[in-house]
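Visitor: Before I ask anything, let me first share the structure, which is written out below as C-alpha coordinates.
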Amino acid sequence: MLNLSEVKTVVLIGFMGSGKTTVGMELARRLKLRFVDVDSVIAEQAGRTIPEIFAREGEEGFRRRETQALESLYAVDGAVVATGGGVVTVEENWPLMRALGPVIYLRTRLKTALQRIGEGEDRPLAKGVDRETRLKTLLAQRTPLYERADLVVDTDGLAPCDVARHIIDNLQSWSRRC
Ligand code: S3P
(Lines give C-alpha, C1' and ligand atoms only; values in the text may rest on other atoms or scores of the structure.)
Protein backbone atom coordinates (compact mmCIF):
# COMPACT_ATOMS: atom_id res chain seq x y z
CA MET A 1 0.00 0.00 0.00
CA LEU A 2 1.12 3.53 -0.75
CA ASN A 3 2.66 5.28 2.18
CA LEU A 4 1.16 8.73 1.81
CA SER A 5 4.17 10.29 3.46
CA GLU A 6 6.12 9.08 0.41
CA VAL A 7 3.89 10.91 -2.07
CA LYS A 8 6.07 13.47 -3.75
CA THR A 9 4.21 15.40 -6.36
CA VAL A 10 0.76 15.01 -7.88
CA VAL A 11 -0.56 16.97 -10.85
CA LEU A 12 -4.19 18.03 -11.20
CA ILE A 13 -5.68 18.57 -14.65
CA GLY A 14 -9.23 19.41 -15.71
CA PHE A 15 -11.45 21.97 -17.36
CA MET A 16 -11.82 25.52 -16.10
CA GLY A 17 -14.06 25.47 -13.06
CA SER A 18 -13.29 21.84 -12.18
CA GLY A 19 -11.96 22.95 -8.79
CA LYS A 20 -8.25 22.27 -9.36
CA THR A 21 -7.23 25.15 -7.10
CA THR A 22 -9.64 24.56 -4.22
CA VAL A 23 -9.22 20.78 -4.32
CA GLY A 24 -5.47 21.17 -4.79
CA MET A 25 -5.16 23.35 -1.69
CA GLU A 26 -7.18 20.88 0.35
CA LEU A 27 -5.16 17.93 -0.97
CA ALA A 28 -1.89 19.71 -0.22
CA ARG A 29 -3.06 20.34 3.33
CA ARG A 30 -3.99 16.69 3.85
CA LEU A 31 -0.80 15.32 2.28
CA LYS A 32 1.34 17.99 3.95
CA LEU A 33 2.71 19.12 0.63
CA ARG A 34 3.16 22.55 -0.94
CA PHE A 35 0.51 23.84 -3.28
CA VAL A 36 1.68 25.18 -6.64
CA ASP A 37 -0.68 26.86 -9.08
CA VAL A 38 0.83 26.87 -12.60
CA ASP A 39 -1.16 29.97 -13.63
CA SER A 40 0.36 31.84 -10.68
CA VAL A 41 3.84 30.67 -11.69
CA ILE A 42 3.20 31.91 -15.25
CA ALA A 43 1.96 35.30 -14.01
CA GLU A 44 4.90 35.65 -11.66
CA GLN A 45 7.46 34.74 -14.34
CA ALA A 46 5.83 37.13 -16.82
CA GLY A 47 5.20 39.94 -14.34
CA ARG A 48 1.69 40.15 -15.85
CA THR A 49 -1.76 38.75 -15.16
CA ILE A 50 -3.15 35.91 -17.29
CA PRO A 51 -5.62 38.25 -19.11
CA GLU A 52 -2.72 40.65 -19.84
CA ILE A 53 -0.63 37.82 -21.29
CA PHE A 54 -3.51 36.73 -23.54
CA ALA A 55 -4.10 40.34 -24.63
CA ARG A 56 -0.45 41.05 -25.47
CA GLU A 57 0.87 37.67 -26.63
CA GLY A 58 -2.25 35.78 -27.63
CA GLU A 59 -3.04 32.22 -26.65
CA GLU A 60 0.12 31.05 -28.41
CA GLY A 61 2.32 33.19 -26.20
CA PHE A 62 0.45 32.03 -23.14
CA ARG A 63 0.95 28.36 -24.11
CA ARG A 64 4.69 28.89 -24.54
CA ARG A 65 4.85 30.42 -21.08
CA GLU A 66 2.77 27.56 -19.68
CA THR A 67 5.28 24.98 -20.97
CA GLN A 68 8.18 27.04 -19.57
CA ALA A 69 6.42 27.21 -16.19
CA LEU A 70 5.98 23.42 -16.15
CA GLU A 71 9.64 22.96 -17.06
CA SER A 72 10.62 25.19 -14.16
CA LEU A 73 8.84 22.84 -11.75
CA TYR A 74 11.20 19.91 -12.35
CA ALA A 75 13.06 20.72 -9.13
CA VAL A 76 9.92 20.91 -7.00
CA ASP A 77 10.23 18.29 -4.32
CA GLY A 78 6.79 17.39 -3.10
CA ALA A 79 3.84 19.49 -4.18
CA VAL A 80 0.28 19.39 -5.39
CA VAL A 81 0.42 21.11 -8.78
CA ALA A 82 -2.77 22.63 -10.18
CA THR A 83 -2.51 23.25 -13.93
CA GLY A 84 -4.56 25.46 -16.23
CA GLY A 85 -7.39 23.84 -18.18
CA GLY A 86 -5.59 23.97 -21.53
CA VAL A 87 -2.31 22.39 -20.45
CA VAL A 88 -3.35 19.06 -21.97
CA THR A 89 -3.57 20.51 -25.49
CA VAL A 90 0.19 20.85 -25.88
CA GLU A 91 1.78 17.43 -26.39
CA GLU A 92 5.11 18.61 -25.03
CA ASN A 93 3.47 19.22 -21.63
CA TRP A 94 2.60 15.54 -21.10
CA PRO A 95 6.08 14.17 -20.41
CA LEU A 96 6.73 17.22 -18.23
CA MET A 97 3.63 16.53 -16.14
CA ARG A 98 4.25 12.78 -15.95
CA ALA A 99 7.82 13.40 -14.82
CA LEU A 100 6.43 15.32 -11.83
CA GLY A 101 4.08 12.57 -10.60
CA PRO A 102 0.68 10.96 -11.13
CA VAL A 103 -1.64 13.05 -13.29
CA ILE A 104 -5.17 13.29 -11.91
CA TYR A 105 -8.16 14.44 -13.93
CA LEU A 106 -10.87 16.28 -12.02
CA ARG A 107 -13.87 15.51 -14.21
CA THR A 108 -16.71 18.02 -14.20
CA ARG A 109 -19.89 18.40 -16.25
CA LEU A 110 -20.20 21.52 -18.38
CA LYS A 111 -23.12 22.76 -16.28
CA THR A 112 -21.08 22.64 -13.08
CA ALA A 113 -18.07 24.25 -14.76
CA LEU A 114 -20.23 27.10 -16.11
CA GLN A 115 -21.67 27.76 -12.67
CA ARG A 116 -18.21 27.87 -11.13
CA ILE A 117 -16.69 30.00 -13.89
CA GLY A 118 -19.41 32.67 -13.65
CA GLU A 119 -18.65 35.57 -15.98
CA GLY A 120 -15.11 34.32 -16.49
CA GLU A 121 -13.52 37.65 -15.61
CA ASP A 122 -10.01 36.21 -15.15
CA ARG A 123 -10.34 33.58 -17.85
CA PRO A 124 -9.89 35.01 -21.34
CA LEU A 125 -11.24 31.87 -23.03
CA ALA A 126 -14.42 31.94 -20.96
CA LYS A 127 -15.45 35.54 -21.67
CA GLY A 128 -17.62 37.24 -24.23
CA VAL A 129 -20.50 36.26 -26.46
CA ASP A 130 -21.53 32.68 -27.04
CA ARG A 131 -19.37 31.53 -24.18
CA GLU A 132 -21.56 28.54 -23.39
CA THR A 133 -21.28 27.14 -26.94
CA ARG A 134 -17.55 27.86 -27.05
CA LEU A 135 -16.91 26.20 -23.71
CA LYS A 136 -19.05 23.22 -24.70
CA THR A 137 -16.93 22.74 -27.84
CA LEU A 138 -13.70 23.23 -25.91
CA LEU A 139 -14.71 20.67 -23.28
CA ALA A 140 -15.68 18.14 -25.98
CA GLN A 141 -12.32 18.65 -27.75
CA ARG A 142 -10.34 18.33 -24.56
CA THR A 143 -12.15 15.44 -22.89
CA PRO A 144 -10.16 12.68 -24.67
CA LEU A 145 -6.97 14.50 -23.67
CA TYR A 146 -7.99 14.78 -20.01
CA GLU A 147 -8.81 11.07 -20.06
CA ARG A 148 -5.15 10.26 -20.66
CA ALA A 149 -4.65 10.96 -16.94
CA ASP A 150 -3.51 8.24 -14.55
CA LEU A 151 -6.60 8.74 -12.40
CA VAL A 152 -10.03 10.19 -13.13
CA VAL A 153 -12.02 11.62 -10.22
CA ASP A 154 -15.57 12.95 -10.57
CA THR A 155 -16.20 16.23 -8.81
CA ASP A 156 -19.85 17.07 -9.56
CA GLY A 157 -21.86 17.63 -6.43
CA LEU A 158 -18.86 17.04 -4.17
CA ALA A 159 -17.20 19.45 -1.77
CA PRO A 160 -13.44 20.00 -2.23
CA CYS A 161 -12.66 17.98 0.91
CA ASP A 162 -14.65 15.00 -0.46
CA VAL A 163 -12.81 15.18 -3.77
CA ALA A 164 -9.48 15.34 -1.91
CA ARG A 165 -10.47 12.27 0.08
CA HIS A 166 -11.41 10.38 -3.12
CA ILE A 167 -8.06 11.29 -4.63
CA ILE A 168 -6.19 9.97 -1.62
CA ASP A 169 -8.20 6.70 -1.72
CA ASN A 170 -7.59 6.39 -5.44
CA LEU A 171 -3.89 7.14 -5.12
CA GLN A 172 -3.64 4.22 -2.74
CA SER A 173 -5.24 1.78 -5.19
CA TRP A 174 -3.25 3.31 -8.07
CA SER A 175 0.01 2.61 -6.23
CA ARG A 176 -1.05 -1.01 -5.64
CA ARG A 177 -1.24 -1.50 -9.43
CA CYS A 178 2.43 -0.60 -9.89
C1 S3P B 1 -7.23 28.08 -19.57
C2 S3P B 1 -7.55 27.88 -18.25
C3 S3P B 1 -7.12 28.80 -17.19
C4 S3P B 1 -5.84 29.55 -17.61
C5 S3P B 1 -6.04 30.20 -18.93
C6 S3P B 1 -6.37 29.19 -20.03
C7 S3P B 1 -7.73 27.10 -20.58
O8 S3P B 1 -6.87 28.09 -15.98
O9 S3P B 1 -4.75 28.68 -17.65
O10 S3P B 1 -7.05 31.17 -18.82
O11 S3P B 1 -7.20 27.08 -21.71
O12 S3P B 1 -8.65 26.33 -20.24
P13 S3P B 1 -8.03 27.43 -15.08
O14 S3P B 1 -8.33 26.08 -15.66
O15 S3P B 1 -7.41 27.33 -13.73
O16 S3P B 1 -9.20 28.34 -15.11
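Visitor: Report, ordered by the first and then the second residue, all pairs with beta carbons closer than 6 Å, sequence separation of six or more or different chains, a first member in the stretch 112-126 that is under 19 Å from ARG48 (Cβ atoms), and a second member that is aromatic (Phe, Trp, Tyr) and at pLDDT 90 or above.
Guide: Hits for this filter: PRO124/PHE54.
Visitor: Do we have GLU71 as among the acidic types (Asp, Glu) and under 29 Å from GLN172 (Cα atoms) here?
Guide: When the stated conditions are applied, GLU71 passes them.
Visitor: Looking at the stretch 114-127, which of its residues are open to solvent by 40 Å² or more (accessible area, probe 1.4 Å) and either part of a helix (DSSP H, G or I) or under 20 Å from VAL88 (Cα atoms) (or both)?
Guide: Once the filter is applied, which keeps residues that are open to solvent by 40 Å² or more (accessible area, probe 1.4 Å) and either part of a helix (DSSP H, G or I) or under 20 Å from VAL88 (Cα atoms) (or both), the stretch 114-127 yields GLN115, ARG116, ASP122, ARG123, PRO124, LEU125.
Visitor: Go through the stretch 31-87 and give me each residue that's at pLDDT 95 or above, open to solvent by 50 Å² or more (accessible area, probe 1.4 Å) and among the aromatic types (Phe, Trp, Tyr).
Guide: The one that is at pLDDT 95 or above, open to solvent by 50 Å² or more (accessible area, probe 1.4 Å) and among the aromatic types (Phe, Trp, Tyr): PHE35.
Visitor: Six or more apart or on different chains, Cβ atoms under 6 Å: show the pairs whose first residue is in the stretch 51-73 and closer than 18 Å to THR89 by Cα and whose second is acidic (Asp, Glu) and open to solvent by 80 Å² or more (accessible area, probe 1.4 Å).
Guide: Cβ pairs passing all conditions: THR67/GLU92.
Visitor: Given the residues LEU96, LEU100, which is the only one that is without any contact (Cβ under 8 Å) to a residue 40 or more places away in the chain, among the aliphatic types (A, V, I, L, M) and closer than 26 Å to LEU31 by Cα?
Guide: LEU96
Visitor: From (1) surrounded by 15 or more Cβ atoms within 10 Å (Cβ to Cβ); (2) more than 16 Å from the chain's Cα centre (by Cα); (3) part of a helix (DSSP H, G or I), pick out the condition that doesn't hold for VAL163.
Guide: With respect to (1) surrounded by 15 or more Cβ atoms within 10 Å (Cβ to Cβ); (2) more than 16 Å from the chain's Cα centre (by Cα); (3) part of a helix (DSSP H, G or I), VAL163 is out only on (2).
Visitor: Can you work out which of the residues in the stretch 95-113 that are open to solvent by 90 Å² or more (accessible area, probe 1.4 Å) and assigned to a helix (DSSP H, G or I) is farthest from ARG63 (Cα to Cα)?
Guide: Checking each candidate, the answer is LYS111.
Visitor: Starting from residues that are touching a helix residue (DSSP H, G or I) at 6+ places or on another chain (Cβ under 7 Å) and open to solvent by 80 Å² or more (accessible area, probe 1.4 Å), keep the ones in the stretch 128-147 and report whichever is nearest to VAL81 (Cα to Cα).
Guide: The residue in question is LYS136.
The values are calculated or read from the model by the stated rules, or taken from the named source; none is laboratory data. Model, not experiment: these values are computed from the prediction. Reconstructed Cβ throughout: ideal geometry from the backbone, glycine too, with neighbour counts over all protein chains shown. When the accessible area is computed, the model is the full protein with side chains, heavy atoms only, and any ligands, DNA or RNA have been set aside. Shrake-Rupley method; radii C 1.70, N 1.55, O 1.52, S 1.80 Å.
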